[in-house]
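Here's the structure, in structure tokens; my notes come after.
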Amino acid sequence: MQSLKSPPRLIFGEEEVVLDGEVFERGKILKKDFFSTNVLLHREGQTFVMKISHFNFYLGRFFRPVARYLSQRESDIYRRLQGVEGIPYLWPSVGRNFFLHEYIEGKELTDYPVAPPEFFDKLLKVVRSVHDRGVGYADLSKRSNVIVTPEGDPFLIDFQISAATRPRIEGLRLLNHWLVRIIQREDLYHVAKHKRKLAPEEMTEEDWSRVRKSPLSQLHKFLLRKPWLLIKRRIYPKGSDEMRKKSRSMS
Ligand SMILES: Nc1ncnc2c1ncn2[C@@H]1O[C@H](COP(=O)(O)OP(=O)(O)O)[C@@H](O)[C@H]1O
Ligand SMILES: [Mg+2]
């Protein structure tokens, strides 16, 4: 992870946000929960999402280093994926616990009962390009992390729990690569699973073989994903999706 020697200068005003001298107009809050706030910022006809990580719960301030770590980890992954089609642009100035990325006009895949034609071929291409850069996405079970543009193209957002290969951790390299590969396989499983639900007539033999879970991906589910969801639900019992809908209807 790239450490921040001199974080950018941020002035977070009621109406404006100034980041290293660049002025952004504040827009609505997309989502706010105990883990992070996503706020829209506008500048010269462009819209960005500022994702601020703050553990906003009782005694949460004691976990500030964790919030910073997660935020920097996520922006590092966005940086690694810059230039990949289907990944939002990352604003170069990254803070200790926040970053800005391009707002993608569109709807969440959650809002689609039926996917646009060939959508899953395009999504698979994005996911494979992410894998080619050494990243395992890990959060594809949530369709809210896939944005569908009005043209029917997919964008992936939210890399908070993703994992990336790290060439520098020598002794652990094999383990690290092995874990990333397991996560990548899980990603492909989730693409096929969503396809089965939203575009069943487009399912291929390969897709059917992916939805049959392997023992390794079952292991990943029980060792990593389930414990993570349990912790999240303990701190935030109602679930983040409900909160999002609430904050949307309030804004
Ligand atoms: N770059 C973006 N473009 C469009 N919508 C976004 C973007 N970033 C976040 N959102 C919206 O905000 C929601 C929450 O953002 P996300 O990064 O997934 O946060 P969380 O880690 O809390 O799930 C998304 O499901 C999406 O609706
Ligand atoms: Mg999300």
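No lab work stands behind these numbers, since they all come straight from the coordinates. Quick caveat: nothing in here was measured; it's all calculated off a predicted structure. Cβ sites come from the backbone with ideal geometry, for glycine too, and all protein chains shown count toward neighbours.
Here are a few things to note about the model shown:
- Exposure proxy for K28, K125: other Cβ atoms within 10 Å of each Cβ, ordered fewest to most, give K28, K125.
- Shown in residue order for the stretch 13-20 are the 3J(HN,Hα) couplings computed by the Karplus curve 6.51 cos²θ - 1.76 cosθ + 1.60 at θ = phi - 60°: x, 5, 10, 10, 10, 10, 10, 6 Hz (x for Gly and Pro).
- Relative pair counts by distance (%), Cα atoms of the stretch 1-103, 5 Å bins: 3, 13, 22, 25, 21, 13, 3, 1
- Local charge for V84 was computed over the other residues whose Cβ lies under 12 Å away, with Lys and Arg +1 and Asp and Glu -1, and equals +3.
- Cβ-based exposure ranking for S71, S144, in which fewest neighbours within 10 Å come first: S144, S71
- Helical mean residue ellipticity (222 nm; -39500 (n - 2.57) per DSSP H run of 4+; nearest 500) of the chain: -11500 deg cm²/dmol
- Listed pairs K32/K193; K28/K122; K28/K51; K51/K221 exceeding 20 Å between Cα atoms: K32/K193; K28/K122; K51/K221
- Going from the fewest other Cβ atoms within 10 Å to the most, the residues I161, I147, I87 appear in the order I161, I147, I87.
- Cα shape, the stretch 1-61, gyration tensor, a/c 1.5 rule: oblate
- Neighbour-limited loop hits for chymotrypsin sites (Phe, Trp or Tyr not before Pro), the stretch 1-100 (at most 11 other Cβ within 10 Å; DSSP other than H, G, I, E, B): Y58
- Close amide-amide hydrogen proximity is noted between S36 and H54, each under 5 Å apart and 5 or more residues distant or on a separate chain (H modeled in the peptide plane; Pro and chain starts excluded).
- Cα gyration tensor category, rounded, prolate or oblate, for the stretch 106-251 with a/c compared to 1.5: oblate
- Lys, Arg +1 and Asp, Glu -1 on Cβ, resulting dipole of the chain about Cα centre, debye, nearest 20: 1460
- Global geometry of the stretch 76-138, whether rounded, prolate or oblate, following the gyration tensor of its Cα atoms and the 1.5 cut on a/c: oblate
- In the chain the Cα-Cα distances spread across 10 Å bins starting at 0 as 7, 28, 37, 22, 5, 0 percent of all pairs.
- Relative contact order computed over the chain (Cα-Cα under 8 Å; 6+ residues apart), in percent: 16
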